[in-house]
1. Starting from residues that are among the β-branched types (Val, Ile, Thr), part of a strand (DSSP E or B) and closer than 19 Å to Arg94 by Cβ, keep the ones in the range 1-48 and report whichever is farthest from the chain's Cα centre (by Cα).
2. Might you check whether a residue that is touching a Ser or Thr at 6+ places or on another chain (Cβ under 6 Å), of a type in the set (Phe, Trp, Tyr) and closer than 19 Å to Tyr136 by Cα occurs anywhere in the range 47-67?
3. Just checking, how many residues over the range 16-53 are under 20 Å from Leu103 (Cα atoms) and aromatic (Phe, Trp, Tyr)?
4. Within the range 1-16, count every residue that is touching a helix residue (DSSP H, G or I) at 6+ places or on another chain (Cβ under 9 Å) and either over 14 Å from Ser35 (Cβ atoms) or of a type in the set (A, V, I, L, M, F, W, C) (or both).
5. For the range 51-140, which strands (runs of 3 or more DSSP E) that fit wholly inside it have 3 or more residues that are modelled with pLDDT of 90 or more, more than 21 Å from Glu6 (Cβ to Cβ) and within 14 Å of the chain's Cα centre (by Cα)?
6. I'd like the residue in the range 23-45 that is within 25 Å of Thr13 (Cα to Cα) and in contact with a Gly (Cβ under 9 Å, 6 or more places away or on another chain) and, out of all such residues, is surrounded by the fewest Cβ atoms within 10 Å (Cβ to Cβ).
7. Would you be able to say whether some residue in the range 46-53 is surrounded by 11 or more Cβ atoms within 10 Å (Cβ to Cβ) and in contact with a helix residue (DSSP H, G or I) (Cβ under 9 Å, 6 or more places away or on another chain)?
8. If you check every pair at least six apart or on different chains, which have Cβ atoms under 7 Å apart with a residue in the range 131-155 that is under 23 Å from Ala36 (Cβ atoms) first and a residue that is at pLDDT 90 or above and assigned to a loop (DSSP other than H, G, I, E, B) second?
Amino acid sequence: MKLGKELKLNLNTNYKTKIGTVNNKDSKSLYISLSAWGQINEYDEEKNYDSFLNGLRKKIKTTLNKKINENYFYNDKYIVDLDMRTSGFKPNKRSYMSCELTLFQKQFLPINDENILDNSKRILLDVLDVIDGNKYFTFYKTKKYVEPVLSLNDE
């Protein structure tokens, strides 16, 4: 018998987003997952992008601390897993980024409960604001890079 449940959410055109749980009948935790392809805005060989990602992870945790609804989730008990490989960063090449938040519930409600779903969406939108607020990357739903086309007015 399958106990897990996953719901795809289309909250942003540049990210794949979903929420899920391993056991929807007795949901002690849920995960909020988002993924996208990041493209460097201005490539700099001297820039330490690992420190940027660590800072981004920290900003996401700070946002969770401020925005998590303590009626439904523990605000001191969560996991933030942000993954993006920095070794292959190049101009005009997109790199895969995934972020998974694991939140632990107080009331063990199923993920399709209206309060859990609304709170999860709100948290996801707050995290997307943090990620989109960075100055180094622009994120897209697909890997395909389209070269900008020069118009006659640009010449």
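1. First, pick out the residues of the range 1-48 that are among the β-branched types (Val, Ile, Thr): 13, 17, 19, 21-22, 32, 40.
So of that shortlist, the ones also part of a strand (DSSP E or B) come out as 17, 19, 21, 32, 40.
Narrowing the set further to residues that are closer than 19 Å to Arg94 by Cβ leaves 17, 40.
Details: Thr17: 7, Ile40: 17 Å.
Checking each candidate, the answer is Ile40.
2. Here is the first cut: in the range 47-67, the ones touching a Ser or Thr at 6+ places or on another chain (Cβ under 6 Å) are 49-50.
Still in the list and also of a type in the set (Phe, Trp, Tyr): 49.
Then keep just the ones that are closer than 19 Å to Tyr136 by Cα; that gives 49.
Yes, the conditions are met somewhere in the range 47-67.
3. Let us first name the residues in the range 16-53 that are under 20 Å from Leu103 (Cα atoms), namely 16-35.
With aromatic (Phe, Trp, Tyr) added as a condition, the list becomes 31.
Matching residues across the range 16-53 total 1.
4. If we filter the range 1-16 for residues that are touching a helix residue (DSSP H, G or I) at 6+ places or on another chain (Cβ under 9 Å), which is where we start, we get 7, 9, 11-12, 14-15.
Now drop any that are not either over 14 Å from Ser35 (Cβ atoms) or of a type in the set (A, V, I, L, M, F, W, C) (or both), which leaves 7, 9, 11.
Count: 3.
5. Working: elements: 73-84, 94-105, 137-140.
Strands (runs of 3 or more DSSP E) meeting the threshold: 137-140.
6. To start, the set of residues in the range 23-45 that are within 25 Å of Thr13 (Cα to Cα) comprises 30-43.
Next, only the ones that are in contact with a Gly (Cβ under 9 Å, 6 or more places away or on another chain) stay: 30-33.
Details: Leu30: 27, Tyr31: 18, Ile32: 23, Ser33: 20.
My answer is Tyr31.
7. Restricting attention to the range 46-53, the residues satisfying the condition of being surrounded by 11 or more Cβ atoms within 10 Å (Cβ to Cβ) are 47, 49-50, 52-53.
After this cut, where a residue has to be in contact with a helix residue (DSSP H, G or I) (Cβ under 9 Å, 6 or more places away or on another chain) as well, the list is none.
Among the residues of the range 46-53, not one is surrounded by 11 or more Cβ atoms within 10 Å (Cβ to Cβ) and in contact with a helix residue (DSSP H, G or I) (Cβ under 9 Å, 6 or more places away or on another chain), which makes the answer no.
8. Between residues of the range 131-155 that are under 23 Å from Ala36 (Cβ atoms) and residues that are at pLDDT 90 or above and assigned to a loop (DSSP other than H, G, I, E, B), the close pairs are Phe139/Asn14; Phe139/Tyr15; Tyr140/Asn14; Lys141/Thr13; Lys141/Asn14; Lys141/Tyr15.
The values are calculated or read from the model by the stated rules, or taken from the named source; none is laboratory data. Note that the structure is a prediction, hence the values are computed from the model and not measured. Don't worry about glycine lacking a Cβ; one is built from the backbone with ideal geometry, like all the others, and counts go over all protein chains shown.
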